[in-house]
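The values are calculated or read from the model by the stated rules, or taken from the named source; none is laboratory data. Computed from a predicted structure; not experimentally measured. In this analysis, Cβ positions are derived from the backbone assuming ideal geometry, glycine residues included, and neighbour counts consider all displayed protein chains. These area figures cover heavy atoms from the full protein model, side chains too; ligands, DNA and RNA do not enter into them. Shrake-Rupley method; radii C 1.70, N 1.55, O 1.52, S 1.80 Å.
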Amino acid sequence: MIRKQVMLVDLTKVLESGYYDLHMHTTASDGIYSPRELVQKAHAAELRTIAITDHDTIEGIKEAQQAGLEFGVNVIAGVELSTKYKGMSVDILGYNVIACSEFNETLARMREGREQRAWRIVQKFVELGMPITMDDVKEFSKGSVIARPHIAMTVVKKGYVSDYQTVFDEYLADGKPCAMDKLIISPQEGIDLIHRTGGIAVLAHPLLLSNDEIIRELMQFPFDGIEVWHRKHNKDDNTRYQHIAHEFHLIMTGGSDFHNDDHQLGEFGLEWKEEA
């Protein structure tokens, strides 16, 4: 309990300071900008603190923190862990995570699972008459772990589908023809893993769960916080999740979930208060 209280104080100071973005992705997973480039963009957007939260990897943290020193941006070491609960994807943001052998080994297994999943998804598109190859996809992943956005971009480039979002909506979303499960860990396992590194576990973009009762059910697990503000949340969503945060004594975070230039750094429905 002492560990949790100390870490909550640290993150709360970040939240109170304003001008932050605690959810963003780089080329280490499925973002289009390198860690250094993303820090530079954060600096240009006048953000003071950011968290790099790549999917199931912390490979971009070192580069981002080095760039943070150069550009005067505080970079929190983060991750977005993929978990499953009752067949639903439950993403967990981890903040102030520290690399250790157990954490690294688990992330390595999850990355390996992502690569195997990517290969199976590519094969599904081939079976549906849309031939693509892993080499085609690697043009977009640029050496990082292959993820669904890289496959979606390949399908669009090949001219099989008109736009990126349609690929997700019609082929890659849960229950669609090319949907494939990845290595599955439970929310409890994900939270425990984050806590054992000394980090804070936050439920990501709760709106995507589409069920507030499920969110409350998830609170049986020892979450430290909930992502109240997200670019897909509207004001009513923000209010509901604030109530849930108060109900379960959770810290409230926010982030753009930045992947590409369709998203805007620092913009996720929270108005910053100007300093006196």
In region 152-163, the residues that are more than 21 Å from Pro35 (Cα to Cα) and surrounded by 18 or more Cβ atoms within 10 Å (Cβ to Cβ): Ala152, Thr154, Val155, Val161
Sort out for me the strands (runs of 3 or more DSSP E) sitting completely within region 23-140 that have 1 or more residues that are open to solvent by 60 Å² or more (accessible area, probe 1.4 Å). 74-85
I'm trying to understand the selection: among the residues of region 139-165, which are farther than 16 Å from Arg120 by Cα and modelled with pLDDT under 90? Glu139, Phe140, Ser141, Lys142, Gly143, Ser144, Tyr164
